1. Tell me which residues, restricted to the range 29-58, are touching a residue at least 24 places away in the same chain (Cβ under 8 Å), over 21 Å from residue 97 (Cα atoms) and surrounded by 18 or more Cβ atoms within 10 Å (Cβ to Cβ).
2. Can you tell me which residues in the range 6-28 are free of Cβ contacts under 8 Å to residues at least 12 places away in the same chain and touching a helix residue (DSSP H, G or I) at 6+ places or on another chain (Cβ under 6 Å)?
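Coordinate-derived values only; no laboratory data. On a predicted model such as this, the values are computed, not experimentally measured, just so you know. For neighbour counting, all protein chains shown are included, and Cβ atoms are generated from backbone atoms with ideal geometry for every residue, glycine included.
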């Protein structure tokens, strides 16, 4: 397998995981740009990390002329919703598909 193809596959993998991390970060009121780059660099580890952090709730400050919002972390002890479970299953299926594709391409199509 050529070095260029490996680089493209690793980059595509990082972008996909970065996008998933940014999406989850947006749902949890976290910084999407930072989590995109964490997903880009660390792939599955970044995805597991953003899935594990609690959701931030926004609390408006009183008598603030700029109307800035203070962000306070509150862990949510409630069970995962069906939507979250389906999303995690979808991510695992994409990762599994990618691994099977890489194995198939490496050992079946181009043995050596």
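1. Scanning the range 29-58 gives 30, 50.
2. As a first pass, look at the range 6-28 and keep what is free of Cβ contacts under 8 Å to residues at least 12 places away in the same chain: 6-8, 10-12, 23, 26.
Passing the criteria: only 26.
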